[in-house]
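**Q** Handing you this structure, nothing more for now.
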2 protein chains.
Amino acid sequence: MRITEQAKQQCRARILEKASELFCARGFDQTTTRDIALAAGVAAGTMFNYFPSKETMAMTMVSDALAAGEEEFRGRTGGELAEDLFGFIASGLRKLRPLRPFLGPVLERSLSPFPRKNVCPVGEAARQRHLDFMQQILASHGFSSAPDYVATTIYWSLYLGVLAFWTSDFSPNQEASQALVDYSVRTFVHIISGSAGGDGGEHVL
Amino acid sequence: MRITEQAKQQCRARILEKASELFCARGFDQTTTRDIALAAGVAAGTMFNYFPSKETMAMTMVSDALAAGEEEFRGRTGGELAEDLFGFIASGLRKLRPLRPFLGPVLERSLSPFPRKNVCPVGEAARQRHLDFMQQILASHGFSSAPDYVATTIYWSLYLGVLAFWTSDFSPNQEASQALVDYSVRTFVHIISGSAGGDGGEHVL
């Protein structure tokens, strides 16, 4: 008997749902793939056909949440650049919020500022899509005066800093993170709008 | 027979020297603690009295290099804030340069933007000292208008981004990193000088 595409999608969704529940209840590191297979009622071998590791499950949830955030944001562009960027980042964080209890160790391993040999492909795809989307926002507001690699590296550094801070921000409604995003975005806009950098040659490493 | 303090220091230095040679020649991940003990001519048990892991050895080298960079920089303060910060970061990078071939995986594991349960104590101490020094530089130029946690988080995000980029920057004389440091520093100065952020309450995560 062939498994229908629909049955596959349902199985995949059930695995993610149970994995998310377990990660939230027990913590990411304390949950085994065996626990997840048991809770989802699938054989371990079957589960590995869908997800090679629990890291991949978690990063799939992150990726789906960020994609949903982008979708939500798409209808709301049209403000100033800083507002658009704030809105973009905030939409993503809102969708990530249910995952917040277990995000720290997951993001740390999958979204590093450092280049690495063994990249989690799902995490790498989510990173790339996020940066592409950010660059579309920039493009819709005019060109950037900073070189692309500078803009991308600084954006990603600041964004990881925001994510890292936000995953363990216990202030009411994550107000502390909100201020951090606000400062980070304005700073970033300042760079790419050409008011910073580029006095050329004066400084040598 | 008691081992003198001098003999201990010599043994410690020899272990670090051999570890550094091996890390550069073979890569960090490909070097085992057994290789290092053999090259340094000490028993594995003795070596573990000095360093509990090769991560600790590598982070000790990083920490020593950054401390040497701070020392070098100390005689050169007195410029504008952006120049001082550039000088501070550049001094550290110059001292880190000999370690550059194997720094990526080491820094990634030890200096993460994410809070973690099992911190490398040597890395954590180096991070804290670097941030304290940065705050001394800020203080010598007047107060910062951004909340401390914002300034510190953004500085550390940008600094990790610089380190990560620099460890794999193959442009001549790391010119690309130089531009990145330049932009990052100016950006940071812009934030803390009060020109960014703080329009309060308009944006909600």
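**Q** Can you check what the net charge comes to around A:Glu70, using other residues whose Cβ is under 14 Å from the Cβ of A:Glu70 (Lys, Arg +1; Asp, Glu -1)? If you can, show how the numbers build up before the last one.
**A** Numbers: positive: A:Arg74, A:Arg76, A:Arg94, A:Lys95, A:Arg127, A:Arg129; negative: A:Asp64, A:Glu71, A:Glu72, A:Asp84, A:Asp132.
Within the 14 Å Cβ shell, the charges total +1.
**Q** Could you state the angle between the C-alpha long axis of helix A:54-74 and the longest principal axis of the C-alpha atoms of chain A, as a value from 0 to 90 degrees rounded to the nearest 10?
**A** The answer is roughly 50 degrees.
**Q** Roughly how many whole Å is it from the C-alpha centroid of the stretch B:87-157 to that of the stretch B:41-65?
**A** 21
**Q** In addition: Dividing the alpha-carbon Rg of the stretch B:1-62 by 2.2 N^0.38 Å yields what? Provide the component values of the computation, followed by the final result.
**A** Numbers: Rg = 11.2 Å, N = 62, 2.2 N^0.38 = 10.6 Å.
In units of the 2.2 N^0.38 Å rule of thumb, it is 1.06.
**Q** Most exposed first by the Cβ proxy, i.e. fewest other Cβ within 10 Å, how do A:Ile3, B:Ile192 rank? Working shown, then result.
**A** Details: A:Ile3 10, B:Ile192 24.
If I rank by nearby Cβ atoms, fewest first, I get A:Ile3, B:Ile192.
**Q** Here's a follow-up. Calculate the FRET efficiency for A:Ser140 and A:Glu17 from the Cβ-Cβ distance with a Förster distance of 51 Å, rounded to the nearest 0.05. Provide the component values of the computation, followed by the final result.
**A** Numbers: r = 36 Å, r/R0 = 0.70.
Once the sixth-power term is evaluated, E becomes 0.90.
**Q** Quick one: Debye curve from the alpha-carbon atoms of the stretch A:54-196 only, equal weights, vacuum; give me log10 I(q)/I(0) at q = 0.08, 0.13, 0.15 Å⁻¹ to two decimals.
**A** So the normalised log intensities work out to -0.20, -0.55, -0.74.
**Q** Still on this structure: Label points 7 Å out from Cα along the Cβ direction at B:Arg94 and B:Arg129: separation in nm?
**A** If labels sit at B:Arg94 and B:Arg129, their model points lie 1.9 nm apart.
**Q** Are there any trypsin sites (Lys or Arg not before Pro) in the stretch B:42-123 that are in a DSSP loop and have at most 10 other Cβ atoms within 10 Å? List them by number. Don't skip to the end; give the middle numbers.
**A** Numbers: sites: B:Lys54, B:Arg74, B:Arg76, B:Arg94, B:Lys95, B:Arg109, B:Arg116, B:Lys117; in loops: B:Arg76, B:Arg116, B:Lys117.
Passing sites in the stretch B:42-123 are B:Lys117.
**Q** Diagonalise the Cα gyration tensor of the protein assembly as shown and give the resulting equivalent ellipsoid semi-axes, square root of 5 times each eigenvalue, largest first, whole Å.
**A** Here the semi-axes work out to 36, 32, 18 Å.
**Q** Next up: One decimal, nm, shortest first: give the distances between the label point of B:Arg94 and those of the same position in the other copies, each label point 7 Å from Cα along Cα→Cβ.
**A** 5.0
**Q** On a 0 to 90° scale, report how tilted helix A:81-96 is relative to the longest principal axis of chain A, with both axes built from alpha carbons and the result rounded to the nearest 10.
**A** Here the helix axis deviates by roughly 20 degrees.
**Q** Can you pick out the pairs among A:Lys18/A:Lys95; A:Lys54/B:Lys54; A:Lys8/A:Lys95 whose Cα atoms lie more than 20 Å from each other?
**A** On the way: A:Lys18/A:Lys95 18 Å; A:Lys54/B:Lys54 28 Å; A:Lys8/A:Lys95 24 Å.
A:Lys54/B:Lys54; A:Lys8/A:Lys95, as the Cα separations exceed 20 Å there.
**Q** Hey, another quick one. For peptide B:146-158, what's the mean number of Cβ atoms from other chains within 10 Å of each residue's Cβ?
**A** Working: counts 4, 4, 0, 6, 10, 1, 2, 10, 9, 1, 4, 14, 8.
Mean shielding count: 6.
All of the numbers you see were taken from the coordinates with simple rules; none came from a lab. Given the structure is predicted, the values throughout are model-derived calculations rather than measurements. Counting neighbours? That spans all protein chains shown, and the Cβs are built from the backbone with ideal geometry, glycine included.
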